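The values are calculated or read from the model by the stated rules, or taken from the named source; none is laboratory data. This structure is a prediction, so every number in the text was calculated from the model and none was measured. In this analysis, Cβ positions are derived from the backbone assuming ideal geometry, glycine residues included, and neighbour counts consider all displayed protein chains.
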Amino acid sequence: MSKVKTTIIVNEKVWNQFKETISSRYGSHRNLSSAVEQAIKCFNAVELLNSFSDAMGFDAKIYPSIKDVENRRPKLRTSAGKIVREMRDEREAHISRFKQHREEVH
């Protein structure tokens, strides 16, 4: 893989803290470029997933499409809205009976 030389502009305090962290971690500033590259890779989701899959020992180089994911989702035979409505109706009936009983007692 080829390397590219670049110039970035960052807050001086942030940069000095970053260099200090690298120095304490590696013992010098010599690995600064590698640390910047590693930090950039942390923001690259595909690279992060590839590194994780390599570390775990499985091949995740081929990602399913959104359509594949949608097609593989389990199909439910019931509607969540219908179930919630039934639960609310049961609760309402229970509360109504409680109110009627309370009114009869008082």
Cβ contacts < 8 Å: first residue modelled with pLDDT of 80 or more, restricted to the stretch 59-82; second residue not in a helix (DSSP H, G or I), any location; separation 6+ or different chain. Result?
72/64
Filtered residues of the stretch 64-86 (kept if among the aliphatic types (A, V, I, L, M) and not in a loop (DSSP other than H, G, I, E, B)):
66, 69, 80, 83, 84
For the stretch 1-15, give me each residue that is part of a loop (DSSP other than H, G, I, E, B) and either more than 14 Å from residue 37 (Cα to Cα) or of a type outside the set (A, V, I, L, M) (or both).
2, 3, 5, 6, 7, 9, 10, 11
State yes or no: is residue 29 out of contact with any Pro (no Cβ under 6 Å at 6 or more places or on another chain) and not in a helix (DSSP H, G or I)?
yes
Select from the stretch 39-63 the residues that are surrounded by 11 or more Cβ atoms within 10 Å (Cβ to Cβ) and either not in a helix (DSSP H, G or I) or not hydrophobic (A, V, I, L, M, F, W, C) (or both) and list them in ascending order.
41, 44, 47, 50, 51, 53, 54, 60
Only one of (1) of a type in the set (Asp, Glu); (2) loosely packed, with under 10 Cβ neighbours inside 10 Å; (3) at pLDDT 80 or above does not apply to residue 89, and that is (2)
